[in-house]
Every structure is written in structure tokens, then in C-alpha cells.
Amino acid sequence: MQTTLIVGGARSGKSRRALQLALEIGGQRTFIATAEASDAEMAERIGHHRAERGVEFRTREEPLDLVNALEAEVSPDGIVVVDCLTLWLSNLMHHGRDVVAQTHALVALLSHSPGPIVLVSNEVGMGLVPETRLGREFRDAQGELNREVAAVCGRVEFMIAGLPLTVKPA
């Protein structure tokens, strides 16, 4: 396994599937968390995910500089799970970073990754059109990010109701 993208809706089982795939790979397991605990509810979610991973994964928190974190962590001797691209994108937009440049940098890294990576991302374009301009910009940027990452990943799965649907087989 080289690179896998797992997309799906909220609570569809994306993170659980990513951990499952990573546990099938031997060697060092690294989890790059992009979430920031901006409130008590988010802190609780982060704690739940951390407990779910257990001691099987070394965790690195990186809400903004994902590309450099991946460059430092990816190796042929282990696997890296990134959870999730949606929060990373949200963080980039919130902090006024260049989303297009960051997306291109991520895609370039994934195209030549020296080791396996599993990326988790939300599918946000299947629902209602957001009411606000920022919401529409986010939805569009998320769709573009997912599309560009999927193009370079060796495998893409869509999670629905806890079940993986292979969209792009390895």
C-alpha cells in the first residue's frame, strides 16, 4: 500500500477504517492529527480519537504545516495516517494561508511518497449549497482538494454507513 484516500460523510467510519488499514501494516505507525481543540466539545472528540488509537500509534499534532510533517514522518518502514484533510483545509483558510499552493505541495509530496500514507477527508459537496460565501468557498476548496489528492493516491475508498466502497482500486 502506498497512498490511500478515505472520503465520506460525518461519522461514516473514515477514521476507524484508516486505523484498521494502518494496523495491517507493520512497523512504526504515526498519526498526524490536524484538529485543534477550539472548545470543550472538540477537546472531547480529540480525546476520544486519541483513546481509540491507543498505544499502537505515535501522535503528532500539526494543524497547519502538514506537508513538512509528512516529509519528516513518512518512511518505507512504517505508515502515516493523516486525520483529517478537512480540518487542515479549514485551519489553512482560517489562518489566511494559500490553499492552492498548500494543496499543490501536498499533491507533489503524495506523488513521490517514500512510504505508505492513509489520508482521511470529508465529502462535503453532496448536500445543500451553503448559505454563506465562506461556506461555498470552503465547499469548493474541499472538493478541489479531494479531487487532486484522489488523482495521485493509489487507492480511494468512500465510506458510507461504516462500510468501505472502493472507488479506485490499488
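Counting only residues that are within 20 Å of S121 (Cβ to Cβ) and either at pLDDT below 85 or surrounded by 14 or more Cβ atoms within 10 Å (Cβ to Cβ) (or both), how many does region 66-77 have? Talk me through it step by step, then tell me what you get.
Going residue by residue through region 66-77, those that are within 20 Å of S121 (Cβ to Cβ) are 66-71, 73-74.
Okay, now just the ones that are also either at pLDDT below 85 or surrounded by 14 or more Cβ atoms within 10 Å (Cβ to Cβ) (or both), so 66-67, 69-70, 73-74.
Result for region 66-77: 6.
Only one residue in V80, V55 is at negative phi and surrounded by 14 or more Cβ atoms within 10 Å (Cβ to Cβ), so which one is that?
Result: V80 is the single residue among V80, V55 that is at negative phi and surrounded by 14 or more Cβ atoms within 10 Å (Cβ to Cβ).
Which one of these is among the β-branched types (V, I, T) and over 17 Å from the mean Cα position of the chain (by Cα): V67, V74, V55, V80? Before you say what the answer is, go through the steps one by one.
Values: V67 fails: over 17 Å from the mean Cα position of the chain (by Cα); V74 fails: over 17 Å from the mean Cα position of the chain (by Cα); V80 fails: over 17 Å from the mean Cα position of the chain (by Cα).
Answer to the check: V55.
Just to be sure I understand, how many residues within region 6-59 are outside any helix (DSSP H, G or I) and over 23 Å from Q142 (Cβ atoms)?
Pass one, region 6-59, residues outside any helix (DSSP H, G or I): 6-13, 24-39, 57-59.
Among the residues that remain, those that are also over 23 Å from Q142 (Cβ atoms) are: 24-30, 57-59.
Total meeting the criteria: 10.
Could you list, in sequence order, all residues of region 27-50 that are touching a residue at least 24 places away in the same chain (Cβ under 8 Å) and either open to solvent by 80 Å² or more (accessible area, probe 1.4 Å) or over 20 Å from G162 (Cα atoms) (or both)? The answer is G27, Q28, R29, T30, F31, I32, A33, T34, A35, E36. Selection of first residues in region 1-16 that are touching a residue at least 12 places away in the same chain (Cβ under 8 Å) and within 28 Å of S75 (Cβ to Cβ) and of second residues that are of a type in the set (F, W, Y) and surrounded by fewer than 23 Cβ atoms within 10 Å (Cβ to Cβ), restricted to Cβ pairs under 6 Å at least 6 apart or on distinct chains, gives the following pairs, ordered by first then second residue: V7/F158; G8/F158.
The values are calculated or read from the model by the stated rules, or taken from the named source; none is laboratory data. Owing to the predicted nature of the structure, the values given are computational and were not obtained by experimental measurement. Counting neighbours? That spans all protein chains shown, and the Cβs are built from the backbone with ideal geometry, glycine included. These accessible areas exclude ligands, DNA and RNA; they are computed on the full protein's heavy atoms, side chains included. Shrake-Rupley method; radii C 1.70, N 1.55, O 1.52, S 1.80 Å.
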